[in-house]
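The values are calculated or read from the model by the stated rules, or taken from the named source; none is laboratory data. Because the structure is a prediction, the values reported are computed rather than measured. FYI the Cβ positions are ideal-geometry reconstructions off the backbone, even for glycines, and counts take in every protein chain you see. Please note that ligands, DNA and RNA were not included when accessible areas were found on the heavy atoms of the full protein model with its side chains. Shrake-Rupley method; radii C 1.70, N 1.55, O 1.52, S 1.80 Å.
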Amino acid sequence: MENASTRRSGQALLIWGLLVVAANLRASLTGVGPLLDQVQADLGLAPAVAGLLNTLPLLTFVALSPLVPQLAARWGAEQLLGGALVVLTLGIALRWVPAAAGLFAGTVLIGAGIAVGNVLLPSLIKRDFPTKVGVLTSAYATVMGGVAAVASGVAVPISEVAPGGWYTALGCWVLFALVAVLLWLPQLRAPRRAAQAIRGHRLPWGSGLAWAVTAFMGLQSLGFYVVVTWLPQVFQDNGMSATTAGWLLFLFQAVAVLTSLAVPGALRWARDQRALATICSAVMLLGYLGLFVAPGAALLWSVVLGLGGGACLVLALAFISLRAQDASVAGALSAMAQSIGYLLAAVGPVVFGLLHTVSSGWQAPIMLMCVAAAGQTVVALVAGGGTVRSTADRVPSAGRWSGGKK
């Protein structure tokens, strides 16, 4: 009984640790946008340079994500994640330094810390909670999205009342990161179980199913970052005030968080996720088509995009664990899906803005999003079922991959 009780306590502590880690994976990013005008004015940054504060973390994700499985195999997943949390904490603290160098150096460190967390959380859930993948993925996506929405909403009010202005608004999240470090310390002292260790594997570039999961992750990430970057401007150019447009962006994120809570039930009910992923992607397509045809119905399309976007995020994260044969495969698949996915996410807002500039309107860029959502709907038919397997029996140097059906 004592051993069972100790094991349950250890699992509960691990779950709390994972959720607090998840809470730190977006907040330090989503708080930047509302403050960008203040940052640009105070530091004298050109618009293109200021825009790097949004794109640098995504490019860091692209560069580091493929390396995470090998680093986890060498140092241990728990130790690597603990180190990433320390790096994240240092990066947020650097943003408190009143200089452009501290702001940009901190942003790169934040991107590095988050990149490790992005890759490791799905593989840790697959390893330690293989029967609760849907529930825990939904839980951490909900926490991640909810805290991110709050961070974007409180950024300006904090900058207006706190000493230090926007420096404090960006740097105050260091306290949350410190809590994550402290909650993760017990995992660093836990014995590493060799049978369940997350070993390094070559990324599954040769698997069609892995590419489908990657495409689904990339297209939904593209949609999210385009929406949070440009949706308020689309609404303002259609006659809406900046304040109202900001609240509609908050509504989009809030609806997405609420929708993500409903996904675990659907995952338990369905044999696979093909139908669910296709329907949710089609809802995103409906939202973009609505913006194209009737942009004045901003409230409706914000809700529709939130309904589809929240579910698609949870599904994209869950696919990494559900499609993987084991925790090691999940780590490699996570690295592949998130590196390519965030490359699309980084490019998406730039291309969307360029199309707006070239066409002098929003119809061409919104049509691009319709095409992306249509592609995501097609990809969902493949990404929602099957298993990515390692045919090398976990030998990293000879790793060959295949995607097949269960």
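Of all residues in the range 332-346, those satisfying the criterion of being open to solvent by less than 40 Å² (accessible area, probe 1.4 Å) and over 17 Å from Gly208 (Cα atoms) are Tyr342, Ala345, Ala346.
Table: residues versus (1) of a type in the set (Gly, Ala, Ser); (2) modelled with pLDDT of 85 or more; (3) farther than 18 Å from Gly223 by Cα.
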| site | (1), (2), (3) |
| --- | --- |
| Ser281 | yes, yes, no |
| Leu291 | no, yes, no |
| Leu305 | no, yes, no |
| Cys312 | no, yes, no |
| Gln325 | no, no, yes |
| Ser334 | yes, yes, yes |
| Leu344 | no, yes, no |
| Val358 | no, yes, yes |
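Only residues that are among the hydroxyl-bearing types (Ser, Thr, Tyr) and touching a residue at least 40 places away in the same chain (Cβ under 8 Å) were counted in the range 212-243, giving 4. Is there a residue being open to solvent by less than 20 Å² (accessible area, probe 1.4 Å), over 16 Å from Leu231 (Cβ atoms) and not polar (S, T, N, Q) anywhere in the range 347-366? Within the range 347-366 (the criterion being open to solvent by less than 20 Å² (accessible area, probe 1.4 Å), over 16 Å from Leu231 (Cβ atoms) and not polar (S, T, N, Q)), the answer is no, since none of the residues qualifies.
No other residue among Gly239, Gly296 is at positive phi and either of a type in the set (Lys, Arg) or open to solvent by 20 Å² or more (accessible area, probe 1.4 Å) (or both) apart from Gly239. For the condition of a type outside the set (Val, Ile, Thr) and out of contact with any strand residue (DSSP E or B) (no Cβ under 9 Å at 6 or more places or on another chain), Leu322 does not qualify.
Val255 meets the conditions (1) at pLDDT below 95; (2) farther than 17 Å from Val228 by Cα; (3) under 20 Å from the mean Cα position of the chain (by Cα) in every case but one. The failed one is (2). Residue-level check: of (1) assigned to a loop (DSSP other than H, G, I, E, B); (2) surrounded by 18 or more Cβ atoms within 10 Å (Cβ to Cβ), Gly153 misses just (1). The residues in the range 11-25 that are closer than 14 Å to Ser123 by Cα and over 15 Å from the mean Cα position of the chain (by Cα) can be counted, and the count is 2. I'd like the residue in the range 118-143 that is closer than 16 Å to Met217 by Cα and of a type in the set (A, V, I, L, M) and, out of all such residues, is nearest to the chain's Cα centre (by Cα). Per the criteria, the residue is Ala141. All of (1) open to solvent by 40 Å² or more (accessible area, probe 1.4 Å); (2) within 18 Å of Gly331 (Cβ to Cβ) hold for Leu124 with one exception: (1).
For (1) in contact with a Leu (Cβ under 7 Å, 6 or more places away or on another chain); (2) more than 21 Å from Ala332 (Cα to Cα); (3) at pLDDT 90 or above; (4) surrounded by fewer than 23 Cβ atoms within 10 Å (Cβ to Cβ), each residue gets a yes or a no:
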| residue | (1), (2), (3), (4) |
| --- | --- |
| Val133 | yes, no, no, yes |
| Ala180 | yes, yes, yes, no |
| Leu188 | no, yes, no, yes |
| Ala195 | no, no, no, yes |
| Gly218 | yes, no, yes, no |
| Val226 | no, yes, no, no |
| Thr229 | no, yes, no, yes |
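Are any of the residues in the range 367-385 free of Cβ contacts under 8 Å to residues at least 12 places away in the same chain and either part of a helix (DSSP H, G or I) or open to solvent by less than 20 Å² (accessible area, probe 1.4 Å) (or both)?
Going residue by residue through the range 367-385, those that are free of Cβ contacts under 8 Å to residues at least 12 places away in the same chain are 371, 378.
Within this subset, residues satisfying the condition of being either part of a helix (DSSP H, G or I) or open to solvent by less than 20 Å² (accessible area, probe 1.4 Å) (or both) are 371, 378.
Yes, there is a match, as at least one residue in the range 367-385 is free of Cβ contacts under 8 Å to residues at least 12 places away in the same chain and either part of a helix (DSSP H, G or I) or open to solvent by less than 20 Å² (accessible area, probe 1.4 Å) (or both).
Is it true that Arg268 is open to solvent by 60 Å² or more (accessible area, probe 1.4 Å), among the basic types (Lys, Arg), within 29 Å of Ala22 (Cβ to Cβ) and modelled with pLDDT under 85? It is true that Arg268 is open to solvent by 60 Å² or more (accessible area, probe 1.4 Å), among the basic types (Lys, Arg), within 29 Å of Ala22 (Cβ to Cβ) and modelled with pLDDT under 85. Summed over the range 302-329, the residues that are open to solvent by less than 10 Å² (accessible area, probe 1.4 Å), closer than 18 Å to Gly208 by Cβ and assigned to a helix (DSSP H, G or I) give a count of 4.
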